[in-house]
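The values are calculated or read from the model by the stated rules, or taken from the named source; none is laboratory data. Bear in mind the structure is a predicted one, so any value in this text is a computation, not a measurement. Here the Cβ positions follow ideal geometry from the backbone for every residue, glycine too, while neighbour counts run over all protein chains shown. Quick note on the areas: whole protein, heavy atoms, side chains included, nothing else; ligands and nucleic acids left out. Shrake-Rupley method; radii C 1.70, N 1.55, O 1.52, S 1.80 Å.
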Amino acid sequence: MRTKSKIVLITGVTRGLGRAMAEEFIRQGLVVLGCGRSPEKVSALSSSSGSPHDFAVVNVASDDEVRSWARRLLEELGPPDLLLNNAALINRNAPLWQVSAKEFSEIIDVNLKGVANVLRHFVPAMVERKSGVVVNFSSGWGRSTAAEVAPYCATKWAIEGLTQALAQELPAGMAAIPLNPGIINTEMLQSCFGSSASAYPTARQWAKVAVPFILNLGTAENGRSLSVPI
Ligand SMILES: NC(=O)c1ccc[n+]([C@@H]2O[C@H](COP(=O)([O-])OP(=O)(O)OC[C@H]3O[C@@H](n4cnc5c(N)ncnc54)[C@H](OP(=O)(O)O)[C@@H]3O)[C@@H](O)[C@H]2O)c1
């Protein structure tokens, strides 16, 4: 008899850490469900991975899109064992007073409200089953700050608070963990660090360490602010 594979749901799988995690989780035998906004990249990932993995064009900032996505996946596959809120944006480097209202809203809509949207539509099924681990991607800048990334810092400090409060609400058997992935050479890092991003590990190198670390998270870590040991 075939044992049922664990299901991991990852937001923001089209590049960076999300993409590298999707590939590594698949390599380790998990079923990966993921989303991103770029249709070309979602379709490339679908073709290279095949069934039972499932990748969809979903903007996490849209509660309606997340609701339909969750309804379909929960009907087809049931609740995920691991839910990784990874999708996020960073503002273009600038002092806070020079960030437009539009850009500020986009960062809040994706990094904070997007996470709440995903939790709203997936967590009830996990709570009903009383099992599953939620990992919300935080940052070093969710625990410290730097000039020119204030909107991003604000959202990641918020993720720490939101996740710790969520941890107090979940039933026994579940966990919610704010996770700082470390510093990795992705498009996001290149945006804020410029050419010095190349001194840091690639997303693929990072995923080799991060995926086993995430797979070991459980109820003992509920509410703990953790960092990937890279
Ligand atoms: N890289 C680092 O050093 C670092 C450090 C600390 C924390 N982090 C955190 O780690 C996570 C991943 O970062 P990264 O460096 O991999 O970033 P990245 O390279 O910029 O990738 C971000 C991913 O999120 C997706 N995304 C953005 N907005 C979305 C939306 N509205 N709906 C759905 N997907 C969306 C993007 O895909 P589309 O454009 O296709 O939507 C992309 O796949 C983030 O939470 C980030 O804050 C990263």
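Please work out which residue is nearest to the chain's Cα centre (by Cα), limiting yourself to the range 4-13 and to residues that are within 8 Å of the ligand (Cβ to nearest atom) and open to solvent by less than 10 Å² (accessible area, probe 1.4 Å).
The qualifying residue nearest to the chain's Cα centre (by Cα) is T11.
Each row is one residue, and each column tells you yes or no for (1) more than 10 Å from the ligand (Cβ to nearest atom); (2) assigned to a helix (DSSP H, G or I); (3) open to solvent by 10 Å² or more (accessible area, probe 1.4 Å).
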| residue | (1), (2), (3) |
| --- | --- |
| V118 | no, yes, no |
| E128 | yes, yes, yes |
| V133 | yes, no, yes |
| E148 | yes, no, yes |
| A154 | yes, yes, yes |
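Just for the range 14-29: of the residues that are part of a loop (DSSP other than H, G, I, E, B) and without any contact (Cβ under 8 Å) to a residue 60 or more places away in the chain, which one is least open to solvent (accessible area, probe 1.4 Å)? First the steps, then the outcome.
In the first step, residues of the range 14-29 are kept if they are part of a loop (DSSP other than H, G, I, E, B); the result is 14-15, 28-29.
Those left that are additionally without any contact (Cβ under 8 Å) to a residue 60 or more places away in the chain: 14, 29.
Values: T14: 20, G29: 44 Å².
That would be T14.
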### Query
Hey, L96 hits all of (1) touching a helix residue (DSSP H, G or I) at 6+ places or on another chain (Cβ under 8 Å); (2) more than 20 Å from L162 (Cα to Cα); (3) crowded, with 18+ Cβ neighbours inside 10 Å but one; which does it fall short on?
(3)
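Considering the range 156-201 alone, what residues qualify as being under 30 Å from E128 (Cα atoms), part of a helix (DSSP H, G or I) and not hydrophobic (A, V, I, L, M, F, W, C)?
K156, E160, G161, T163, Q164, Q168, E169
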### Query
Which residues, counting only those in the range 90-105, are assigned to a helix (DSSP H, G or I) and touching a residue at least 40 places away in the same chain (Cβ under 8 Å)?
L96, E103, F104
### Query
Just for the range 136-145: of the residues that are in contact (Cβ under 8 Å) with a residue 24 or more places away in the chain and out of contact with any helix residue (DSSP H, G or I) (no Cβ under 6 Å at 6 or more places or on another chain), which one is nearest to the ligand (Cβ to nearest atom)?
F137
### Message
Regarding the range 185-195, can at least one residue be identified that is crowded, with 17+ Cβ neighbours inside 10 Å and of a type outside the set (A, V, I, L, M, F, W, C)?
### Response
yes
### Task
Please name all residue pairs, on different chains or six or more residues apart, with Cβ atoms under 9 Å, provided the first residue is in the range 175-187 and is near the ligand (Cβ under 6 Å from one of its atoms) and the second residue is modelled with pLDDT under 95.
P181/I230; I183/I230; I184/I230
## Note on the structure
The lone condition L226 fails out of (1) within 16 Å of the chain's Cα centre (by Cα); (2) under 26 Å from S68 (Cβ atoms) is (2)
## Note on the structure
The residue from S46, S62, S51 that alone is without any contact (Cβ under 8 Å) to a residue 40 or more places away in the chain, within 15 Å of the ligand (Cβ to nearest atom) and either among the acidic types (D, E) or open to solvent by 10 Å² or more (accessible area, probe 1.4 Å) (or both) is S46
### Message
Could you tell me how many of the residues in the range 81-98 are farther than 18 Å from A210 by Cα and more than 16 Å from the ligand (Cβ to nearest atom)?
### Response
5
### Message
Given the condition in contact with a Leu (Cβ under 7 Å, 6 or more places away or on another chain), surrounded by 20 or more Cβ atoms within 10 Å (Cβ to Cβ), in a helix (DSSP H, G or I) and aliphatic (A, V, I, L, M), answer yes or no: does some residue in the range 78-89 qualify?
### Response
no
